[in-house]
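Chemist: One structure follows; several queries about it will come next.
The values are calculated or read from the model by the stated rules, or taken from the named source; none is laboratory data. It should be emphasised that the depicted structure is a prediction, and the values quoted were computed from it without experimental measurement. No Cβ is skipped: glycine too gets one built from the backbone with ideal geometry, and neighbour counts run over all protein chains shown. SASA here: full protein model, heavy atoms, side chains in, ligands and nucleic acids out. Shrake-Rupley method; radii C 1.70, N 1.55, O 1.52, S 1.80 Å.
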Amino acid sequence: MKNRLYFNIDQKDNSLFDKIVLEQKTIGYYNLPKQDTSNILEFVDNFDKNIKNIMVLGIGGSSLGAKAVYEFLKPIKKPKRKLFFFESTDPLNISTLLNEVDLDKTHFLVISKSGGTVETISIFKYIFAQKSEKNSYTFITDNGSKLDKFAQDLGSKVFYLPPNVGGRFSVLSVVGLLPLALSGVNIKELLSGADKINRDFFKGKKLQSTLLKKASFYAKNCDRYSINTIFAYSENLKYFTEWFVQLWGESLGKVQKNSILNVGLTPIGLIGPKDQHSFLQLIMEGRRDKSVTFIKLKEFNPKITIPDITLKYLEELDSLHGIRFDKLINMQCDSIIEALLNEKDIPVDEIVISKVNAKSIGELIYYYELLTSLVGKLLGVDTYNQPGVEAGKIILKEKLSRY
Ligand code: PA5
């Protein structure tokens, strides 16, 4: 993976790296690339061969990461088992998903770190009322949670999150690895990508200074460039951008520590070239409040080419003849980068990942987790909590008790 910044930042916070080295000792996700996955792989090896569908009941950090990796890899390799994600209390969505599968060939993964999330538990109740065999379920939760106790009583298999790994930083833990391994994703390769980024950053390779500069730029310019856009030129990255939106938004939108100041950066996920025909106009001519990170794939497959077919009246598009689509999409991306750079006041950077495989998405995930931690430190927020979502939950609880 390569990351080229097209903007300058003179002032660098030299203590930032030391702060992250210190944080590493207490925050669990930093250890995930090197974890022992033998218990997950053993479980997957012994898994019922008749099960063709895995239904993940989870929301936010308990589902978005696995979905991002699954959807990234799905177009290049038929999954061993299909994954389905129940992330909503939308009744139509619940019944549509359930109608898609043969329940006898389906296993349910109930994933909730806290073990008490309304969306996950309400959907679980609905399904459990129809199918209550303990072997139909595997639970992933925190050790000792109420859901853990329930699962123990039921006699189902339970996996625990490692200590100090927050929901939105948990994709590379059992939370993401178990569903992905069941669907046939090579989780060792996924972790090797994350490990590469971890080593490059902590061992002082070029990526270290790039990430420190980029984080410093975002934090120092958080008022001027308050919106951070990812513009990914691959349809496969659609759900990766959803994962990014949650990671960035929920981690950085906070009241600053020891202060009453509300801070934050607004994440936007775009897919090229589709969004050249929608959001691009706003970036190009709208308020200068957005940074743009382009994500490109170096190698696409299949290598299909635009044929030499002249269409009457459309002769001016004959210049497309013989161009491979992979070249075309990257030329489109490069043209937009050039156009934005010509504007001079839009901060642009470019990430290039090699190809669609587990290692590349592992790299991208870990890169963004590190960047989020760095920016969080500079903004002076607690990156790993989410007190702002509690107020609505309390009101819902009151409403439910009165209902
Ligand atoms: O990042 C987070 O911590 C949240 O988005 C959670 O993942 C989300 O609220 C789901 O929580 P839980 O896994 O406890 O059900």
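Chemist: I need a count of the residues in the range 160-184 that are open to solvent by less than 10 Å² (accessible area, probe 1.4 Å) and among the aromatic types (Phe, Trp, Tyr).
Modeler: Qualifying residue count for the region: 1.
Chemist: Okay, next question. Quick one: which residue in LEU270, LEU237, LEU247 is aliphatic (A, V, I, L, M) and part of a strand (DSSP E or B)?
Modeler: LEU270
Listed here are the residues, each with its yes/no results for (1) outside any loop (DSSP other than H, G, I, E, B); (2) touching a residue at least 60 places away in the same chain (Cβ under 8 Å).
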site	(1), (2)
ILE353	yes, yes
GLY362	yes, yes
TYR366	yes, yes
LEU371	yes, yes
GLY376	yes, yes
ASP382	no, yes
ILE394	yes, no
GLU398	yes, no
SER401	yes, no
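Chemist: So in the range 130-171, with the set limited to residues that are touching a residue at least 40 places away in the same chain (Cβ under 8 Å) and more than 20 Å from ILE54 (Cβ to Cβ), which one is nearest to the ligand (Cβ to nearest atom)?
Modeler: Looking at residues that are touching a residue at least 40 places away in the same chain (Cβ under 8 Å) and more than 20 Å from ILE54 (Cβ to Cβ), I get ARG168.
Chemist: Given the condition among the β-branched types (Val, Ile, Thr), in contact with a Cys (Cβ under 7 Å, 6 or more places away or on another chain) and open to solvent by less than 80 Å² (accessible area, probe 1.4 Å), answer yes or no: does some residue in the range 273-289 qualify?
Modeler: Checking the range 273-289: not a single residue is among the β-branched types (Val, Ile, Thr), in contact with a Cys (Cβ under 7 Å, 6 or more places away or on another chain) and open to solvent by less than 80 Å² (accessible area, probe 1.4 Å).
Chemist: Does GLY388 fit the bill of being within 16 Å of the ligand (Cβ to nearest atom), within 20 Å of SER170 (Cα to Cα) and not charged (D, E, K, R)?
Modeler: Here the answer is yes, as GLY388 does meet what is asked.
Chemist: Tell me whether the range 201-214 contains one or more residues that are in a strand (DSSP E or B) and either free of Cβ contacts under 8 Å to residues at least 24 places away in the same chain or closer than 29 Å to ILE336 by Cβ (or both). Give the derivation first.
Modeler: Taking the range 201-214 as the starting set, the residues that turn out to be in a strand (DSSP E or B) are none.
Scanning the range 201-214, I find no residue that is in a strand (DSSP E or B) and either free of Cβ contacts under 8 Å to residues at least 24 places away in the same chain or closer than 29 Å to ILE336 by Cβ (or both), so the answer is no.
Chemist: A further question follows. Out of the range 80-103, which residues are away from the ligand (no atom under 16 Å from the Cβ) and open to solvent by 30 Å² or more (accessible area, probe 1.4 Å)?
Modeler: Residues satisfying the conditions are LYS80, LYS82, ASP90, PRO91, LEU92, ASN93, SER95, THR96, ASN99, GLU100, ASP102, LEU103.
Chemist: Identify, by number, the condition in (1) surrounded by 14 or more Cβ atoms within 10 Å (Cβ to Cβ); (2) in a helix (DSSP H, G or I); (3) out of contact with any helix residue (DSSP H, G or I) (no Cβ under 8 Å at 6 or more places or on another chain) that ASP318 doesn't meet.
Modeler: (1)
Chemist: Something else: Could you tell me which of the residues ILE54, ILE59, ILE20 is assigned by TED's automatic domain parsing to the domain that holds LEU147 and open to solvent by less than 50 Å² (accessible area, probe 1.4 Å)?
Modeler: Answer to the check: ILE54.
Chemist: Of (1) closer than 26 Å to TYR367 by Cα; (2) open to solvent by 80 Å² or more (accessible area, probe 1.4 Å), GLU42 satisfies all except one. Which?
Modeler: Tallying (1) closer than 26 Å to TYR367 by Cα; (2) open to solvent by 80 Å² or more (accessible area, probe 1.4 Å), GLU42 fails exactly one: (1).
One line per residue, one yes/no per condition, for (1) in contact with a Gly (Cβ under 6 Å, 6 or more places away or on another chain); (2) more than 13 Å from the ligand (Cβ to nearest atom); (3) in contact (Cβ under 8 Å) with a residue 24 or more places away in the chain:
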{"site": "LEU22", "(1), (2), (3)": "no, yes, no"}
{"site": "LYS25", "(1), (2), (3)": "no, yes, no"}
{"site": "TYR29", "(1), (2), (3)": "no, no, yes"}
{"site": "LEU32", "(1), (2), (3)": "no, yes, yes"}
{"site": "GLN35", "(1), (2), (3)": "no, yes, yes"}
{"site": "GLU42", "(1), (2), (3)": "no, yes, no"}
{"site": "ASN46", "(1), (2), (3)": "no, yes, no"}
{"site": "VAL56", "(1), (2), (3)": "no, no, yes"}
{"site": "GLY61", "(1), (2), (3)": "yes, no, yes"}
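Chemist: Might you check whether a residue that is in contact with a Leu (Cβ under 9 Å, 6 or more places away or on another chain), more than 15 Å from the ligand (Cβ to nearest atom) and open to solvent by 40 Å² or more (accessible area, probe 1.4 Å) occurs anywhere in the range 104-127?
Modeler: yes
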